[in-house]
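A short reminder: the numbers here are calculations on the coordinates, not readings from a lab. Since the model is a prediction, treat every value here as computed from it, not as a measurement. Every residue, glycine as well, gets a Cβ built from its backbone with ideal geometry; the counts of neighbours run over all protein chains shown.
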Amino acid sequence: MKTIESRYDGSATAYRTWWEPVLAPTARELLDRLERAAGPPIGRVLDVGTGAGLLAIEAVRRWTMVEVTGLDGSAPMLVVAEAAARDSLVSSAQQRISWLRGHAERLPFEDESIDLVVSSFAYQLVPRLTVALGEAFRVLRPGGRLAFVTWRSADDRFAPDDAFEDVLDELEPDDEPGNAEEARAGDLASAGATAARLRRLGFRSVVTREAWLTYDHDPATYLDFLEGYAERELFADLQPDRRARLRNGTAERLRQLPPTAFRWHVPVVYALARRPESIERGP
């Protein structure tokens, strides 16, 4: 069984090329929402599941009174993130950002040592979401804040992916490689369920909202996106003749779709919460 970490180890550069642009506006909107709700943060910020570093770099760029640590389980992703920071930040901002390998369910920080925990499109990947959010609560200082965004469960279909799957189904069954991954928490059920979970863990001032991520894929490069990132391992594992059949068949199906079919429109959940200043005790 393939680990989620190893998947990202092998696709770190492709992630930044193909996937980060899809997520970027929604990730930056998370910081906008946090700032509107609580003002610019001060102190230590932790970006859980930093990936190629988008959220961590953006936090350092816009908030001058913070020091940010980008945490990720994939060492190659951290290499890509560090390079991105060097390319996009002035030297003074680079001095306020660092990178650390670690996992959301076992944060390598002392209790009550972080002022703000942020995360974009990472909590759905952890095996146990309640444990991961509990770790965020543990490392936050009293009054510290949590802000994250990730996917909401949905059954919406996407025609370009359906075209790819149709061609894949036409290959002989034993031509499709097995790519089972370890268990993950998965997408959030709803904003309400997310708020309830956070309150049970002790968070207060909880605000959750559902929204939409919309991205217009380029019909001319969508097959490259599939082969280069989204289905990279599947393409790589196929024999050359089967790979060519899959690519050519998919290209033909994609040409039959109108440009409007390439607009990806999927639901997300934003969550903001605060650790209380003191432990709240019942009567």
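Worth pointing out:
- Relative packing of 133-143, 4-14, 83-93, which averages over residues the other C-beta atoms within 10 Å, highest first: 133-143, 4-14, 83-93
- Stretchable slack from Asp169 to Asp111, in nm (0.36 nm times residue separation minus alpha-carbon distance): 15.9 nm
- Each of Leu213, Val269, Leu46 was scored by the projection of its Cα onto the charge dipole of the chain, and the greatest displacement toward the positive side belongs to Leu46; charges sit on the C-beta of Lys, Arg, Asp and Glu.
- Acute angle (nearest 10 degrees) that the helix 240-255 long axis makes with the longest principal axis of the chain, alpha-carbon atoms: 80 degrees
- Dipole of region 1-118, positive direction: furthest Cα of Leu89, Leu55, Ser74, with charges on the beta-carbon: Leu89
- Average silhouette area of the chain, convex hull of alpha-carbon atoms, in square nanometres: 15.9 nm²
- Angle between the chain longest axis and helix 20-38 axis [Cα atoms, degrees, rounded to 10]: 20 degrees
- All other residues whose Cβ lies under 13 angstrom from that of Thr50 are scored, Lys and Arg at +1 and Asp and Glu at -1, for a net of -3.
- Förster-model FRET efficiency, 35 Å R0, Asp156 and Ala75, C-beta, rounded to 0.05: 0.55
- Taking the DSSP bridge list for the chain and keeping only pairs wholly inside it, about 45 percent are antiparallel.
- Gaussian network model of the chain, Cα within-10 Å springs - most flexible of Arg36, Arg243, Arg197: Arg36
- Packing order of peptides 248-259, 146-157, highest average first: 146-157, 248-259 (average count of other Cβ atoms within 10 Å over each peptide's residues).
- Electrostatic tally near Gly70: other residues with Cβ closer than 14 Å to its Cβ, Lys and Arg +1, Asp and Glu -1, net 0.
- Charge tally for Asp111 (other residues, Cβ to Cβ under 12 Å; Lys, Arg +1; Asp, Glu -1): 0.
- Helix axis angle, 159-170 relative to the chain longest principal axis, alpha carbon, degrees: 50 degrees
- Relative protection proxy for 214-226, 120-132, from highest mean packing down: 120-132, 214-226 (other beta-carbon atoms within 10 angstrom).
- The mean sequence distance of close C-alpha pairs (under 8 Å, at least 6 residues apart), as a share of the length of the chain, puts its relative contact order at 21 percent.
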